[in-house]
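The values are calculated or read from the model by the stated rules, or taken from the named source; none is laboratory data. Computed from a prediction, not measured in an experiment: that's the story for all the values here. In this analysis, Cβ positions are derived from the backbone assuming ideal geometry, glycine residues included, and neighbour counts consider all displayed protein chains. Quick note on the areas: whole protein, heavy atoms, side chains included, nothing else; ligands and nucleic acids left out. Shrake-Rupley method; radii C 1.70, N 1.55, O 1.52, S 1.80 Å.
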Amino acid sequence: MSHKSTFIAVFAALVLLCSAYGADRAFFVTMGPQLLINTESTTKSAPSPLLFTIGAGMKIPDSSQISFEPAITFFSTYYLWDGNNALPAEIENRTASVFAFMCDVPVVYTWKTSKQHQFEIGGGLAILARFAILAGNVSASDTGTSGSASDDVSEINSWFWQNARYLYPEITGSWLYTVSSRLQVGFTPRIYIPFGSLTNGRGLDGMIVQIGAKALFR
């Protein structure tokens, strides 16, 4: 099974999990900034980019102290190919526009300190699916590090799915304020650890730190 097929299989499993619990679930949306760590920012690549994210997910089951919170978060940025690695790029050095989907499957423990205040903490494994296309105003025949810009985009797409670069163990948490029986609002920090970078000698390159607003609906 290819890595992309694995991502599709995981997503399908999440859909089945969500449907299995019937009404005992809650829906949430998130949005906010994300820092993508780039340890090679002193080269022609970009400094660690600060990106905007938007996401959605479910809490299953909603009535339990221990639950799953599968979610998908979207963000995008520019990348370049330096001959060995795909790196975040500033607009003037971009080759590819990259669309990214973080697929989370954390297990979360929930506790309430009062009727209004609720906290969550958890962890799990996430899959980062990234897809590169030629950036705007970049021609497929433009000169690239691997030959042409089109060749560089192919290299970038291959690099994303090699050496477990798509695997991200995560730590997550939330604080939620109860507005009503049907709505809670608050914020959620998340840290994603780059498994592929750690096991391939690149340290924390690619680590992701998010903090976003969260609204949970019942």
Per the rule of 0.36 nm per residue minus the C-alpha distance, extending Gln116 to Ile133 adds in nm 1.6 nm
Charge tally for neighbours of Gly144 with beta carbon under 9 Å away, counting Lys, Arg as +1 and Asp, Glu as -1, is -4
In a Gaussian network model of the chain with springs linking alpha carbons closer than 10 Å, the residue among Ala126, Ala96, Ala26 that fluctuates most is Ala26
Within the stretch 68-149, DSSP-loop trypsin sites (Lys or Arg not before Pro) with at most 14 other C-beta atoms within 10 Å are Lys115
Scoring the chain by relative contact order with C-alpha pairs under 8 Å, at least six apart, yields a percentage of 20
Highest GNM mean-square fluctuation among Asp142, Asp152, Asp82, for the chain with Cα springs under 10 Å, belongs to Asp142
Non-local residues with an amide H under 5 Å from the amide H of Lys214, with H modelled 1.01 Å from N and Pro and chain starts lacking one, are Gly186, Phe187, Thr188
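Assuming 0.36 nm per residue, please report the length gained on full extension of the stretch Asn200 to Val179 beyond their Cα-Cα distance.
Gain in length upon complete extension: 3.0 nm.
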Among Thr178, Thr30, Thr43, the residue with the largest mean-square fluctuation in a Gaussian network model of the chain built from Cα contacts under 10 Å is Thr43
Measure of exposure for Phe74: accessible area at 1.4 Å probe, Å² rounded to 10, is 70
For the chain, the per residue accessible area (1.4 Å probe, Å²) is 47
